Amino acid sequence: MGARHLREWFAEIRILTLRVRALRVTARCLHHGSAVFFCCRRLSPPTSSRAFASCCVRTRDVRDTVIVNVIPALKHKRTKISVEELIASFDVEEKARAKDTKGGEGHSVANTVQNQRNQGKGKGKFKPNKTTNFKKKKNKAELPCFTCGELGHFSKDCPEREDRRGKRDGNRQSSKTVNTVTRDCSVLMGNGSAAYVLGTGMVDLKFTLGKIVQLKNVQHVPSMNKNLVSGSLLLRDGFKVVLESNKIVVSRHDLFIGKGYVSGGLFRLSFLDFSNKCVNHICGGVNDDASLWYGRLCHVNFGLMKQLSSMSLILSFTFAKGSKCHSCVQSKQPRKPHKAAEPRNLAPLELIHSNLCEMNGVLTKSGKRFSSEITPELNAPTEVFEPTREINPKEDNNEAPRKSKRQRVEKSFGNDFIVYLMDDTPTSISEAYASPDADNWKEAVQSELDSILSNGTWELTERPYGCKPVGCKWVFKKKLRPDGTIEKYKARLVAKGYTQKEGEDFFDTYSPVVKMTTIRVLLFLPVSYGLIIHHMDVKTAFLNGELEEEIYMEQPDGFVVKGQESKVCKLLKSLYGLKQGPKQWHEKFDTTLTSAGFAVNEADSCVYYRYGGGKGVILCLYVDDILIFGTDIDVINEVKSFLSTKFDMKDLGEADVILNIKLIKDESGITLSQTHYVEKVLSRFGYIDSKPSPTPYDPSVTLKKNKRIGVNQLKYSQIIGSLMYFASATRPDISFAVSKLSRFMSNPGIDHWHALERVMCYLKETMSYGIHYSVHPAVLEGYSDANWISDDKLYATSGYLFMLGGGAVSWRSCKQTILTRSTIEAELAALDTASVEADWLRELLRDLPVVEKLIPAILMNCDNQTAIAKVNSDKENAKSSRHVRRRVKSVRKMRHSGVISVTYIQTEKNLANPFTKGLSHNVIDIALREMGLRPI
């Protein structure tokens, strides 16, 4: 090195490093002359010796240089010197050398590390020369800059310093984007290059629905022309990211946040256009020297680099958790060469592919069950050949024949016959406009579209790249009056919600509706407390719900905007057919009423009330039908005006029909009848002219599971569905028969059809029957019963009935869910089910403002004295399953808390007996009168 100062030598190394960086060469070590070295010199002055203690490797190319054996300490003679002490010695020696050279004095002795044993012996003999003032001001013209190597300025004032260049670049940025940047750092790109990072901070991402997501520790890289969001970091912060069908959906805690679509090989999130205002704060970055020292130290592990940093041998820096070197990962993955597939140059039909398949039970033209498919290699037309020999596997004689999947065509009976379509309801908008009732359908369609547009249901926008919008269709229906005449023509635009996917287009779909039991209890209140009943209907109810997800829909048929055919409808509010439509509508209605001072009933969340000053009103919501019960007409009109300001309402006046239930009022009370609906169902399924039957179920018939071919399963299910509505609304007398027959809907047999036809004939006999409620008795009373020995050999049948105002308000017939060993256990299980219903009814009445708050215990009638004694006694010494014991404890708890009181009743007078078994005609007639069922 000669007489050059050590600082000058380090300055030259610094200049060479900057030049290598400027050439974008990844420097793994320092290059000086023809030797690459990491060295230290003797502690004596440079003129005394030329020896070096170094570890170096000579090479011609910097990129091929590898440094080896980096040692933490060196030895001088017999003294071990650490690197920290060596660096301190270099500094002291350089200062002493500067003093000797400029002051004209001899060589100075550096105050280095010496053995303590020799310090005492040489005391007073060898004294170091006194040094001069080391703080002498340096001349800028004599010393070169450590950054650029030019004379005239120091490194702190050099404009080429990276930290000063970062500040200069940061000043050019907008104040809305970058606030403060102190030091520079870089990120490793996918191609192995490093990109300069201006700073890190927080970013607000505002999606198209207005929801904001705040990202922390976001790096601002000016050289990148796209904003990238890491999916793994979103998952770490609690977000859920779903990638499916060229679409990405971001949610958190089952709440929709935003979505995006595939664009250019990446998923592009849909944000509002204000990206310049997204970055709120940029804080100073950290100088990224880790990659430089990682290369200098020959790609050693990060643990060793941390150890060197803690010993102050290299600069201190931090490592990202789980970070890996891209070059190391690639170099450690050996790849074996793959032989290239030879192209097939085949002649036609030289190579063919064949397959033998079954036609799903559909026979071919020649009556064969199997077919062979032959496909040539060179995209020749596919031919299907039938085998000459039919394959006959062993078949089950009881196997039901499969339906053909061939498309059915309309049959023609010639010019002498005219085919009439019984149901003339159109299935598309073109059929509606071509039908004889075209004017009525056009009016209905225009009314529906006006409601949609006035409500702001959607807005036209460009279809996002990769987005597959939801389809829609027009649904037409004629609304009939109870006498069968046409009341109005209705047209509804329905979205094809069956194409939606859970977790992407919707999350929660639960929407409560008022229970039928609640409606019957509320219809008893006008009789007992003199309330007025009014009925209102919400037009296009589902259009009022506000969507939380981002959904795009095609423009409806017949109303595509000219010049904007490529655009789609971005749904802002809910629409009929969407999976989350009912849920969003109920949330909107609930928020509207609760904000107006209405309270929600604790037992039924679809019942709202407001009471004060001796006046009150009760609202009952069933999807879009609203029943209003008020103490006088003024409070009812006030509620009607309020609802009309919030929604598009239709005032139907005093209630006479609700959910196909006709309300008949007279001086003695009110009657619920479904005569018109029973007649409609009988006519639809061809039983209007059938022979009447005195009972709904024949007790001598034992129904079992059908193991043969099912008989007309579709029609059987349709009839059961209609009967279920009768049994749950106004006809408790057919509950047991419907509950029994519904267990065989999957594969009905001849015996099941005979039993079902008996129920239809019974309805023909009792078509005019309805439930009548009177003023007295205004006490809630219950009945419970069970049938242990029934057609089902494993499970018993439970039944209960509750009476209020002389009519049935709640009933049920069902198969028990636990195995019971005796009649007592079956009665206890049925009593537990009835007690749960009694507790719910008591809560419902107690939370109604017009009902007295002091509700006595509900009297439960049971025809099994042993079961009653077991409930009334707290002692237990019988062997029973834990399921039975739990139900017994539940009934006892309700008895002790005053919810129920259990008493004995004779079997002949137990009104729950028809809900467990088939009975004779005389017993059923007596039970009907006691239930309040009577002809109109």
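What follows is calculated from the coordinates using simple rules that are stated; it is not laboratory data. It should be emphasised that the depicted structure is a prediction, and the values quoted were computed from it without experimental measurement. Glycine also receives a Cβ, built like all others from the backbone with ideal geometry; neighbour counts cover every protein chain displayed.
Values for this structure:
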item	result
Extension gain (nm, one decimal) between S920 and D204, 0.36 nm per residue minus Cα-Cα	250.3 nm
Cut-off 13 Å between beta-carbons: net charge of the residues surrounding L531, Lys and Arg +1, Asp and Glu -1	0
Descending principal axes extents, the range 660-773, alpha-carbon based, whole Å	55, 27, 23
Over the range 429-659: Rg over Rh, Cα atoms, Kirkwood Rh	1.01
Ordering of 590-600, 914-924 by burial proxy (mean other Cβ atoms within 10 Å per residue, highest first)	914-924, 590-600
Extent along principal axes [Cα atoms of the range 775-936; Å; largest to smallest]	46, 40, 23
Net +/- balance of residues flanking E765 in space, Cβ distance below 15 Å, scoring K and R +1, D and E -1	-1
Ordering of 719-729, 296-306 by burial proxy (mean other Cβ atoms within 10 Å per residue, highest first)	719-729, 296-306
Per-residue Cβ neighbour rank within 10 angstrom, fewest leading, C148, C185	C148, C185
Burial order of peptide ranges 436-443, 636-643 (average beta-carbon count within 10 Å, highest first)	636-643, 436-443
At most 16 other Cβ within 10 Å, DSSP loop - chymotrypsin sites (Phe, Trp or Tyr not before Pro), the range 500-531	Y510
Cα centroid separation, the range 782-857 to the range 731-749 (Å)	19
Isotropic mean projected area of the C-alpha convex hull, the range 598-747 (nm²)	13.8
Order of S310, S784 under a 10 Å beta carbon neighbour criterion, fewest first	S310, S784
Formal net charge of residues neighbouring D604 (Cβ-Cβ distance under 10 Å; K, R +1; D, E -1)	-2
Residue exposure sequence - S574, S230, S717 - by fewest surrounding Cβ within 10 Å	S230, S717, S574
